[in-house]
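Structure first, then comments.
Rule-based calculations on the coordinates, nothing more; no lab input. None of the values given here were measured: they were computed from a predicted structure. In this analysis, Cβ positions are derived from the backbone assuming ideal geometry, glycine residues included, and neighbour counts consider all displayed protein chains.
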Amino acid sequence: MRHTHSIMVKQAWVVAGLAIHAFASAATPCTGIDRSLSAAQQRNYAVAIEQHLNQQLGPEVQQKITTAPQDVRQVFRLGTWHIVYVHTHVSDEPFLFYPQPPDKAAAYVTAWAGSAASDEAPSIRAWLRKNAPGIPPKLARCFAWQVTAARDVQ
C-alpha cells in the first residue's frame, strides 16, 4: 500500500509540473510574432531610428537625439510591419511603428510611450487602427497586450 501511495504522489507531482509548464508556455496574443533582433539589425535600425527621431521628435524636445545599437531594445515584427521599442535618452521610451523595416523607411508612422491600464486594450487597438493604418490586427492585439498586461515579457 505504501508503495502505491508513493507512486501516486510522484505521478501527482509530474502532472503538477506539466500543468505549470503548460501555463508558463501558454499562448499569448504575441505568440507567432517575431521578436528576434540580431546585433546587425540593432546597428542598422539605430542609424535609421536616430534620423527619424531627430526629424520627428527632435524639434519637440529641442535637442539632438542619439541612438546606439543597444538603445534598440525590442522589436515586434509581423509581415513587413515593425514595432520597435527604443531608448531615446530624452523622453519616455517610445514604441515606434513602421509599415516596413526601420532602415528601409523614411519615417515612423506613429509612436506610443508609456503603459496603460489592463482594461484599455480595446481602446489601444482602436488608437492603432486610426494612427497606424494597415497594421495587422494580430500585431495590434500583441501590442495592446504588451503595454497593458505584459510589459517587457518576452
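Around the Cα centre of segment 67-133, unit charges on the Cβ atoms of Lys, Arg, Asp and Glu (plus for the first two, minus for the last two) sum to a dipole of about 300 debye. Ranking I65, A106, H87 by how far each Cα lies toward the positive end of the dipole of segment 39-148 (charges on Cβ) leaves A106 at the top. Put in line by how crowded their Cβ is, counting other Cβ atoms within 10 Å and starting with the fewest, V75, V84, V147, V61 read V61, V147, V75, V84.
The order of I83, I135, going from fewest to most other C-beta atoms within 10 Å of their C-beta, is I135, I83. Considering only T28, I49, Q146, the residue lying farthest towards the positive end of the dipole of segment 24-154 is T28, judged by Cα position with unit charges set on Cβ. Grab the other residues whose beta carbon is less than 14 angstrom from that of T80, score K and R as +1, D and E as -1, and report the net. Neighbourhood net charge equals +1.
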